[in-house]
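K.L.:
My questions all concern the structure below.
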Amino acid sequence: MEQSANSTLKLRAARYSIFTALTLAIMKFVVGLLTGSLAVIASAVDSLLDIVMSGVNFLAIRQAEQPADDGHSFGHGKFETLATLIQSLVISASGGWILVEAIRRLNAGDYKVQQIGNGVIVLALSMAASFWISRYLRRVGKATESSALQADALHFAMDIYTNGALLAGLVILSFVDAPWLDPVMSLFVALYILKEALSLARYALRDMLDAELPDEVRNEVIRLVNEHHGELLDIHNLRTRRAGSQKLMDFHLTVCKHLTVQEAHDLADRLEETIAKEIRGANVTIHVEPCRRPDCPGTDKCVSVKNRIA
């Protein structure tokens with residue numbers, strides 16, 4: 001039930017993201033072409049790419065929410081991670097284009113900017129819209145632990161800062177005769193975009209290469225298992241990784257060798273349920289091992305057996 005609600009929430013957020021990006025792109029392109037401002041056109045290109053990436057996010061999230069099948073026995077969660085990596089590549093391309101165009105205009109002395117007032121208005125509106133959608137996507141992304149939505153939120157947050165810098169440049173141009181400021185501001189925007197693209201790529205590659213989950217998650221798993229210390233003897237070989245919103249983890253559990261198969265199985269089931277309840281998105285696999293201590297005290301003195309009987 002909770003997974004279905006999360007899926008609906010994530011898909012709705014992705015649709016809002018597409019609509020917002022489409023509206024901003026149209027508005028910026030119209031004003032950018034009218035003013036001739038590279039700053040506004042650069043922002044329009046970024047919004048156009050927002051549409052592409054938000055669309056990719058929507059498709060990736062929809063696919064990631066599909067249940068496991070014969071071809072993907074661990075589920076489809078990494079479609080979200082793939083979408084995040086695609087975002088980083090597209091952002092890199094947009095940043096590269098803006099960088100090249102800014103350098104070209106500086107070298108050619110092409111500083112022509114007209115109707116600055118319109119550019120100021122559209123960038124101010126863009127900042128307001130980006131602020132709203134960024135906060136919304138971040139909230140939904142954290143609530144559902146969606147890497148794709150959190151990456152999209154980061155991209156819109158990036159728009160706030162870049163548009164703010166461009167807005168400041170256009171405001172200055174309205175008071176000072178410094179037309180070269182437009183491509184210079186675009187140059188800094190391009191460098192910032194490339195920096196953020198690198199951060200997104202590192203985030204995606206970490207999950208695609210099955211890096212361990214943060215220490216706080218691993219420590220929480222160990223804490224939850226140790227709460228059953230009277231029923232088990234040891235936890236070891238804990239392995240964790242992320243696949244989209246899922247946290248995949250497995251570990252070995254040592255129990256008293258005098259437990260029946262049914263009792264050991266029930267203990268593992270209880271642990272899996274506890275971890276899944278306390279850690280959102282947890283998908284747990286437990287390998288049960290019998291205690292092989294050569295100095296086994298026997299059922300009369302074994303702490304695990306005594307706790308089970310009690």
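K.L.:
Step through the table entries Lys247/Lys277; Lys10/Lys277; Lys78/Lys277; Lys10/Lys195, compare each Cα-Cα distance with 18 Å, and write down the pairs that go over it.
P.N.:
Working: Lys247/Lys277 13 Å; Lys10/Lys277 20 Å; Lys78/Lys277 22 Å; Lys10/Lys195 27 Å.
Listed pairs above 18 Å: Lys10/Lys277; Lys78/Lys277; Lys10/Lys195.
K.L.:
Got the relative contact order for the chain handy, in percent, Cα pairs under 8 Å and 6 or more residues apart?
P.N.:
Working: 465 pairs, mean separation 54.4, N = 310.
Once normalised by length, the contact order is 18 percent.
K.L.:
Go ahead and estimate [θ] at 222 nm for the chain from helices alone: -39,500 (n - 2.57) per DSSP H run with n ≥ 4, summed, over the residue count, rounded to 500.
P.N.:
Values: 9 runs with 213 residues, N = 310.
After summing the helix terms and dividing by the residues of the chain, the value is -24000 deg cm²/dmol.
K.L.:
Within the chain, what percent of beta bridges assigned by DSSP are antiparallel, to the nearest 5? Write down the numbers at each step before the final one.
P.N.:
Numbers: 8 of 17 bridges.
Of the beta bridges lying entirely in the chain, close to 45 percent run antiparallel.
K.L.:
Taking only the C-alpha atoms, wrap a convex hull around the range 1-90 and report its volume per residue in Å³ as a whole number. Before the final figure, lay out each step's value.
P.N.:
On the way: hull volume 7.3 nm³, N = 90.
That works out to 81 Å³ per residue.
K.L.:
Sticking with this one: With only Lys, Arg, Asp and Glu charged, each at its Cβ (+1 for the first two, -1 for the last two), find how big the charge dipole of the range 2-208 is about the Cα centre; round to the nearest 20 debye.
P.N.:
The calculated dipole for the range 2-208 is roughly 220 debye.
K.L.:
If you don't mind, another one. Out of residues 5 or more away from Leu238 or on other chains, whose amide H comes under 5 Å of its own, with H placed 1.01 Å from N in the peptide plane?
P.N.:
Result for Leu238 returns His252.
K.L.:
Among 265-276, 210-221, how do they line up by average Cβ neighbours within 10 Å per residue, starting with the highest? Working shown, then result.
P.N.:
Values: 265-276: 15.7, 210-221: 13.8.
Packing order, densest peptide first, comes out as 265-276, 210-221.
K.L.:
Taking every pair of Cα atoms in the range 222-290, average 1/r, invert it to obtain the Kirkwood radius, and report Rg/Rh to two decimals. Let's see the in-between values first.
P.N.:
Numbers: Rg = 11.9 Å, Rh = 12.3 Å.
Over the Cα atoms of the range 222-290, Rg/Rh equals 0.97.
K.L.:
When all alpha-carbon pairs of the chain are counted, what percent fall beyond 36 Å? If you can, show how the numbers build up before the last one.
P.N.:
On the way: 17916 of 47895 pairs.
Everything past 36 Å amounts to 37 percent.
K.L.:
So if R0 is 45 Å, what FRET efficiency would Glu220 and Leu198 give, r being the distance between their Cβ atoms, rounded to the nearest 0.05?
P.N.:
Numbers: r = 30 Å, r/R0 = 0.67.
The pair Glu220/Leu198 has a calculated efficiency of 0.90.
K.L.:
Which order do the peptides 140-153, 234-247 come out in when sorted by mean C-beta neighbours inside 10 angstrom, highest first? Spell out each step's value before the answer.
P.N.:
Details: 140-153: 23.9, 234-247: 18.6.
The most tightly packed comes first, giving 140-153, 234-247.
Read-outs: derived from the displayed coordinates by stated rules, not from any lab. No experiment lies behind these values; they were computed from the predicted model shown. Backbone-built Cβ (ideal geometry, glycine too); neighbour counts: all protein chains shown.
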